[in-house]
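Structure, as structure tokens:
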Amino acid sequence: MKTVAAYSVKGGVGKTSAAVNLAWSSSRNLRTLLWDLDPQGGATYLLQTKPKPKVDAHDLVSGKAQLADVVRSTADKRLDVIPAHDSYRTLDLELDSAKDPERRLEKMLASLAKSYDVVILDCPPGMSLLSESILTAADVAVVPLLPSPLSMRSLEQVTTMVAAMKRRRPKIVGFLSMVDRRKTIHRELVESLPRDSEHVLPVVVPYSTLVERMGVERAPIATFAARSVAALAYGELWKGVSAALSL
């Protein structure tokens, strides 16, 4: 089983949109699960699922409940979801009290290895113990980058964090998100970032009303606008992630 973390130290960069569309692409040919670790529950909302209220973060981290107990099916029978839960706001505290907290998520996910080929993690933004546990569990960290001078700063923060990890380190796959080619600086960064960084794919997800429309349709873009530029871009992103995973 391969694990992909849609991760950024910043919020509002298109992380959840990437996680949902990557999960959809993966599920076309592989048994796929999306775990919404962000207590805001964006991916949970988009995929029209609800958590099981009686199972919280403490139960999962302590081992009183297994991840399989909270898996929910979606309207797309090829894609399952572990919905976000309000208690995920305390995941850092729960991990801090667990044995070997950096590897706790990795061990929890191991219980699903026979059921899924790929797990996509939609991660909350920030740098924390939870972030370290997520990156330890991941084979690939997918990092959305806004087309601004600070985008390289965000990428450097992730690469520095990964380089400092004492155990297994994920591959880092960055891509440009929310690009408006009418803006000069956006066009310049589309050209320069993939050239200047080994971690950035030449994949450009545009700033598009279709991405916003996901919230209305409550579905991945490819299900309602399959030939759109945004849908094709996410398809290319999945190809890059697949290559990084050696699938």
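Here are some notes:
- Dipole magnitude of the chain, debye to nearest 20 (Cβ charges: Lys/Arg +1, Asp/Glu -1, about Cα centre): 480 debye
- Between ARG195 and VAL216, full extension at 0.36 nm per residue minus the direct alpha carbon distance yields a gain of 4.0 nm.
- Extended-chain gain in nm, criterion 0.36 nm per residue less alpha-carbon gap, ASP180 and LYS99: 24.6 nm
- Cα centroid of the stretch 59-75 to Cα centroid of the stretch 129-183, whole Å: 27 Å
- Given their separation in residues at 0.36 nm each and the Cα-Cα distance between them, GLN40 and GLN66 gain 7.2 nm when the chain is fully extended.
- Largest GNM mean-square fluctuation across PRO53, PRO101, PRO124, computed for the chain with C-alpha springs under 10 Å, falls on PRO53.
- The chain: calculated mean residue ellipticity at 222 nm from DSSP helix runs of at least 4, using -39500 (n - 2.57): -11500 deg cm²/dmol
- Model label points for GLU188 and THR209, set 7 angstrom from Cα along the Cα-to-Cβ axis, are 3.0 nm apart.
- One Cα centroid belongs to the stretch 187-246, the other to the stretch 1-45; the line between them spans 13 Å.
- Residues of the stretch 102-136 with amide N under 18 Å of the 7 Å Cα→Cβ point at SER73: 115-117
- Exposure proxy ranking, count of Cβ atoms within 10 Å, fewest first, for THR90, THR44: THR90, THR44
FYI, it's all coordinate maths here, none of it is from the lab. Every value quoted in this text rests on a predicted model; they were computed, and no experiment measured them. Glycine also receives a Cβ, built like all others from the backbone with ideal geometry; neighbour counts cover every protein chain displayed.
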